[in-house]
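S.K.: Dumping the structure here so I can ask a few things about it.
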Amino acid sequence: MKSSPLHFPFEWPAAAGPPEALVTLREEPVVRVTLPSGDEAFLVTRYEEIRRVLSDPRVSRNRDRPGAPRMTERKTKVFQNPRIDRDPPEHTRMRRLMAKAFTATRVEGMRPHVRRVTEELLTDLLRRTPPVDLLEAFAVPLTLRVICGLLGVPPRDQGRFRGSLDEAWRYMGELIEAKREDPGDDLISALIEVHDEDDGRLSAHELHVWCVILLLAGFETTATQLGSGVVLLLTHPDQFELLRGDPALIPDAVEELLRCQIAGHSLSMLRLVTDDIEIGGVTIPKGSGLIPVLESANFDETVFPDPLRLDITRVNKQHLVFSAGPHFCMGAALARLELQVALEALMRRVPTLRLAVPPGDLRHHDSPLDLGFRELPVMW
Ligand code: HEM
């Protein structure tokens, strides 16, 4: 293992390609890094080992313990809530209860809403004079309106909680009370029913926490991925043309764009090692921070041949962008649905879409917890 720690997350040079450090990262199975907080952590770099640690009971999601490594100096209190154990078996119990309400049928039932919102936003977009910021005009409002539609947040409230965790927490408390009085055909009402009918096994506090997590986990990530995917397509005209000529490739293209994402990193995957663990011949001591680097798994050349090449016809789609194991993304099916609908409609309605600035001019956010591009100017 190299002795002087690198800094993580690595900086994306620009839209054009991944950080140099990510390209060579898998030469070592474990790499020591310094996080934005100043704390140290170990990166796990290779696909198979990443899969393994994601299901290892000695690798805990619950970092609300003395001395545990921190991502940044800022406290992320909802996601590390002392009254919620994010490890099995408590977490398994909660996921099972959530799954009673957040079903595949409910996600599929969102399709008409996703389509309607997509078409409306594109109609508005096409009325504007380019260049237009595709994030602000399309990706963010789409994913925000979809998660709000899923949860049952009324349209008039949809601007209330962006960017403020405290406001989201307060707002969700009020909304849960309102839905208790006047339930609707939405996920929050269904979760209240699970809470009420299941002898309170999903406690009121858990219900509150998970609704906030769904709200916040639900839109920025998908908007970021949509932006990243569009940039990738626009900078790979051969793949763009291939897709435009055969929309049946959309689901495959979405998986490949997720794998090759150029806007994400795994800082928020930070875990705590609760007992000594060996990875690739290296012993990681109890108490260490550990990050399974999903974007590195997705570039692992032993799993994805020629990994830096964007190939929407790639056969292996087992990327780890939604993680794996007990914390596998609860919204993966919804995110896939949104990305597929959005991409299909964008290519159909704005076939001459192109970047309004050279790709090298696109800037990522500065803060390590804000992923994606600051803006994405496009024209047509
Ligand atoms: C393309 C978009 C998305 C990406 C890349 C993504 C990625 C992830 C990842 C990597 C995790 C796992 C964290 C871990 O292992 O610790 C996760 C968890 C989660 N995601 Fe997503 N996500 C996306 C969209 C969504 C959406 C749309 C929702 C809500 C509808 C959502 C809800 C959640 C929740 C609730 C968890 C926590 C699961 C748990 O701890 O058991 N995500 N997501």
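S.K.: Going by the structure shown, is residue 175 in contact (Cβ under 8 Å) with a residue 12 or more places away in the chain, under 21 Å from the mean Cα position of the chain (by Cα) and assigned to a helix (DSSP H, G or I)? Working first, answer last.
M.R.: Values: in contact (Cβ under 8 Å) with a residue 12 or more places away in the chain: yes; under 21 Å from the mean Cα position of the chain (by Cα): no; assigned to a helix (DSSP H, G or I): yes.
Judged against the criteria, residue 175 is not a match.
S.K.: Shifting gears a bit: Given (1) modelled with pLDDT under 95; (2) touching a Ser or Thr at 6+ places or on another chain (Cβ under 7 Å), identify the lone condition not met by residue 90.
M.R.: The one condition residue 90 does not meet is (2).
S.K.: Looking at residue 219 and the list (1) open to solvent by less than 20 Å² (accessible area, probe 1.4 Å); (2) part of a loop (DSSP other than H, G, I, E, B); (3) more than 19 Å from residue 103 (Cβ to Cβ), which single condition is not satisfied?
M.R.: Residue 219 satisfies all of (1) open to solvent by less than 20 Å² (accessible area, probe 1.4 Å); (2) part of a loop (DSSP other than H, G, I, E, B); (3) more than 19 Å from residue 103 (Cβ to Cβ) except (2).
S.K.: Inside the stretch 304-318, can you point out the residues that are under 19 Å from residue 51 (Cα atoms) and open to solvent by 30 Å² or more (accessible area, probe 1.4 Å)?
M.R.: So in the stretch 304-318, the residues under 19 Å from residue 51 (Cα atoms) come out as 304-305, 307, 316-318.
Those that are under 19 Å from residue 51 (Cα atoms) and open to solvent by 30 Å² or more (accessible area, probe 1.4 Å): 305, 316, 317, 318.
S.K.: Given (1) loosely packed, with under 15 Cβ neighbours inside 10 Å; (2) away from the ligand (no atom under 16 Å from the Cβ), identify the lone condition not met by residue 362.
M.R.: (1)
S.K.: To continue, here is another question. For the stretch 95-115, which positions are hydrophobic (A, V, I, L, M, F, W, C) and within 20 Å of the chain's Cα centre (by Cα)?
M.R.: If we filter the stretch 95-115 for residues that are hydrophobic (A, V, I, L, M, F, W, C), which is where we start, we get 97-99, 101-102, 104, 107, 110, 114.
The answer is 98, 99, 102, 104, 107, 110, 114.
S.K.: Those residues that are assigned to a loop (DSSP other than H, G, I, E, B) and within 8 Å of the ligand (Cβ to nearest atom), I need them from the stretch 321-358; list them, please.
M.R.: Just the residues of the stretch 321-358 that are assigned to a loop (DSSP other than H, G, I, E, B), to begin with: 321-324, 328-331, 350-353, 356-358.
Within the stretch 321-358, 321, 322, 323, 324, 328, 329, 330, 331 qualify.
S.K.: Continuing with the same structure: Go through the stretch 263-302 residue by residue and tally those that are out of contact with any Lys or Arg (no Cβ under 7 Å at 6 or more places or on another chain), away from the ligand (no atom under 15 Å from the Cβ) and among the β-branched types (Val, Ile, Thr).
M.R.: 5
S.K.: Is it the case, given these coordinates, that residue 129 is open to solvent by 50 Å² or more (accessible area, probe 1.4 Å) and either part of a helix (DSSP H, G or I) or not small (Gly, Ala, Ser) (or both)? Give the derivation first.
M.R.: Working: open to solvent by 50 Å² or more (accessible area, probe 1.4 Å): yes; either part of a helix (DSSP H, G or I) or not small (Gly, Ala, Ser) (or both): yes.
Yes; evaluated as a whole, the condition is true for this residue.
The values are calculated or read from the model by the stated rules, or taken from the named source; none is laboratory data. Computed from a prediction, not measured in an experiment: that's the story for all the values here. Backbone-built Cβ (ideal geometry, glycine too); neighbour counts: all protein chains shown. Side chains are part of the model used for accessible areas, which takes the heavy atoms of the whole protein and leaves out ligands, DNA and RNA. Shrake-Rupley method; radii C 1.70, N 1.55, O 1.52, S 1.80 Å.
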